[in-house]
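As structure tokens, the structure follows; a few thoughts come after it.
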Amino acid sequence: MLRLPRSESGLNCTTMSGTTCDRSLLRSPTSSLSGVELLANVVWHRSKAKLTGVLAKKQSAALSDAPQPRTFPPELAEMVIAHLKYDTLALKACASTCFCWYNISIPHLHRTLILGGRFSKKFQRSNPLPSLYKLGLLPFVEQLQLAGTMTWDGWVVPALSDSRNMPYIRAMVNLQELDIEGLNFFKFPAGFGGYLGHFAPTLRSVALTLPNGARRQLLDFFRLFPNLDNIEVLHYDPVREVCDALDTQLAPINGGLRGRLTLNTFGEIGLFEDLVVAFGGMRFTSMDLSRTLGKQLLLCACADTLETLRLDSEDLWAEDLYPEDCLMHPLVQEPDLSPSTALRSIEVPAYSLTYVKKALSTITSPVFHEIVVIFSEREVDRQSENLAGKIRELYGIREFSVAFCLEVLGTSPGAEGQHKLALNTNEAVAAGLYDFLPRPPLVFSRMAPNHVRRCSIV
């Protein structure tokens with residue numbers, strides 16, 4: 001109820017809620033509110049506030065119990081996007097989908113950085129490194145390719161020797177693969193320690209195409225990276241007139257060289273004799289030896305670790321190096337695979353199947369079980385009619401299973417070529433041409449090796 005305190009002024013009164021009102025309004029017959037109405041108004045607003053609070057709590061509880069909309073787990077998004085790492089257009093589309101997919105796609109989009117170009121001069125005038133550094137993209141780079149130009153060292157030498165580029169090159173803190181084309185070692189008489197030595201903790205693969213240097217220079221280059229597992233040397237003609245004897249006091253690294261060795265048109269076997277000493281041995285699990293001298297030394301050095309070996313029949317190039325009785329030279333003769341106790345499979349191009357006949361007869365590995373026949377995209381539609389006959393002849397020497405591999409030159413394995421290869425294989429299986437095998441040939445596709453893709457560029 002209202003309490004109307006007396007006041008000399010007779011102007012004010014206080015309600016139960018502490019609200020001050022004009023006392024004259026309560027007494028005036030023309031007042032729109034009586035005391036009872038004022039009290040009812042106060043009680044109503046308080047009750048309404050309490051009721052609103054109770055309803056809000058019930059509504060929030062109901063929303064929390066309701067099923068939430070399902071979101072695509074980031075872990076699955078990472079697995080999906082990882083399959084698109086060679087498809088730039090698809091990665092850009094993923095990066096435009098949402099912020100979560102953007103964060104997953106960006107490392108794949110900027111995984112490979114290519115500087116220079118053999119047939120382009122614009123890279124000699126422009127330098128993309130400052131802008132990439134400013135955008136914070138260089139830490140995402142895992143593979144750095146320094147491509148040659150028409151002068152072969154038109155980009156590589158300035159890119160490495162220019163001190164202004166060193167902060168950008170050192171920003172690639174996650175670099176794992178280094179691919180240099182046309183590297184002239186004589187342009188760096190002090191070595192590469194100050195230019196590339198900071199990659200030592202992370203670098204796992206090195207590829208050199210048309211390197212120009214002495215054997216000892218290449219050895220010192222490889223020794224910069226003690227964790228090096230994969231080595232690729234393409235088209236190396238050793239400099240014979242330079243004295244590069246190995247230092248017998250050289251302390252071995254005792255690590256690395258546990259991945260893949262790729263040699264194409266390689267004529268310096270002494271380099272790997274030095275690598276055996278410098279790295280405390282070699283432990284390669286896979287080798288691709290094409291037009292290479294001294295295969296037997298490499299096979300013996302990795303006798304206990306080599307699992308996959310790729311061979312072809314293009315060793316007649318050695319006639320230029322050993323013109324007198326070339327094919328009888330011990331460095332050119334077909335390899336003896338008897339020391340390889342861990343060998344599981346041999347890879348051979350379809351046109352070179354007969355070349356592995358003698359090597360197959362020397363295999364003593366108890367785990368050997370497969371021959372992988374390599375096809376290029378041009379060979380899919382014109383397979384040899386006698387392919388099954390050649391495989392049957394090899395199968396008579398030693399039993400094995402067969403797989404057909406399509407090597408593609410594009411940015412991702414081609415489904416169309418693989419479908420054609422599988423269709424041709426199924427027709428041959430249906431015709432009974434492979435009944436002698438324990439199971440029908442497996443068909444798959446993959447990216448072609450670097451040297452095959454480079455040779456295809458016109």
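One residue is enough: does the stretch 238-259 have a residue meeting the conditions closer than 22 Å to Arg310 by Cβ, surrounded by fewer than 18 Cβ atoms within 10 Å (Cβ to Cβ) and in contact with a strand residue (DSSP E or B) (Cβ under 6 Å, 6 or more places away or on another chain)?
Among the residues of the stretch 238-259, at least one is closer than 22 Å to Arg310 by Cβ, surrounded by fewer than 18 Cβ atoms within 10 Å (Cβ to Cβ) and in contact with a strand residue (DSSP E or B) (Cβ under 6 Å, 6 or more places away or on another chain), which makes the answer yes.
Could you run through the stretch 345-371 and say how many residues are part of a helix (DSSP H, G or I) and more than 12 Å from Glu399 (Cα to Cα)?
Result for the stretch 345-371: 10.
Restricting attention to the stretch 177-225, report how many residues are polar (S, T, N, Q) and either in a loop (DSSP other than H, G, I, E, B) or open to solvent by 40 Å² or more (accessible area, probe 1.4 Å) (or both).
The qualifying residues number 3.
Among the acidic types (Asp, Glu) and within 25 Å of the chain's Cα centre (by Cα): which single residue out of Asp220, Asp229 fits that description?
Every option except Asp229 fails the conditions.
Can you pull out every residue in the stretch 354-387 that is over 33 Å from the mean Cα position of the chain (by Cα), closer than 16 Å to Cys405 by Cα and open to solvent by 10 Å² or more (accessible area, probe 1.4 Å)?
Ser384
The values are calculated or read from the model by the stated rules, or taken from the named source; none is laboratory data. Just so it is clear, the model here is predicted, and its values are computed rather than measured. A quick note on method: Cβ atoms are made from the backbone with ideal geometry, for glycine too, and the neighbour counts reach across all protein chains shown. We work out accessible area using only protein heavy atoms, side chains counted, and drop any ligands, DNA or RNA first. Shrake-Rupley method; radii C 1.70, N 1.55, O 1.52, S 1.80 Å.
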